[in-house]
Amino acid sequence: MLMQGFANFMWLLSMALIVFSGFALIDAAIRREDAYRAADKKTKPFWLIILGIAFVVNLIFNILSFLPIIGLIATIVYMVDVRPALRGLPGGGRSRRGSSSDGPYGPYNGGR
């Protein structure tokens, strides 16, 4: 009974790690490339590779292995250091499509 409870807990923890690293990977993918340079946080391809490897490692290996722990550390670094820096930029660092009247500082409103 105790071993079954431990196995269930480890499975839930593993699923939580997969969801956490997947969220970080998707979040890194939707940010603009220039936002990473503006925030001075490496490059977008660097973080996509690191977070992608962390996601795959969490899918393949058992949580008690050391590789998922390394992936967790990389994901935490992204979430607590890089993501807030990207979100602090104007526009939140997200890719967006503007209208043809958008200037470098936002939409042109005709002097209103």
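May I ask you to list the residues in the stretch 8-48 that are open to solvent by 50 Å² or more (accessible area, probe 1.4 Å), of a type in the set (A, V, I, L, M) and farther than 23 Å from residue 82 by Cα?
Result: 12, 13, 15.
Give the residue, chosen from 26, 53, 30, 60, that is in contact with a strand residue (DSSP E or B) (Cβ under 7 Å, 6 or more places away or on another chain) and not basic (Lys, Arg).
Values: 26 fails: in contact with a strand residue (DSSP E or B) (Cβ under 7 Å, 6 or more places away or on another chain); 53 fails: in contact with a strand residue (DSSP E or B) (Cβ under 7 Å, 6 or more places away or on another chain); 60 fails: in contact with a strand residue (DSSP E or B) (Cβ under 7 Å, 6 or more places away or on another chain).
After applying the criteria, what remains is 30.
What are the residue pairs meeting all of these: first residue in the stretch 1-15, first residue at positive phi, second residue surrounded by 10 or more Cβ atoms within 10 Å (Cβ to Cβ) and assigned to a helix (DSSP H, G or I), Cβ atoms under 8 Å, and 6 or more apart or on different chains?
none
Given the residues 67, 86, which is the only one that is at pLDDT below 95, surrounded by 14 or more Cβ atoms within 10 Å (Cβ to Cβ) and touching a strand residue (DSSP E or B) at 6+ places or on another chain (Cβ under 8 Å)?
86
The values are calculated or read from the model by the stated rules, or taken from the named source; none is laboratory data. What you are looking at is a predicted structure, and each value in this text was computed from that prediction instead of being measured. Neighbour counts are summed over all protein chains in view; Cβ atoms, including those assigned to glycine, are modelled from backbone coordinates with ideal geometry. Each accessible area value is taken on the protein alone, full model and side chains, heavy atoms only, with ligands, DNA and RNA left out. Shrake-Rupley method; radii C 1.70, N 1.55, O 1.52, S 1.80 Å.
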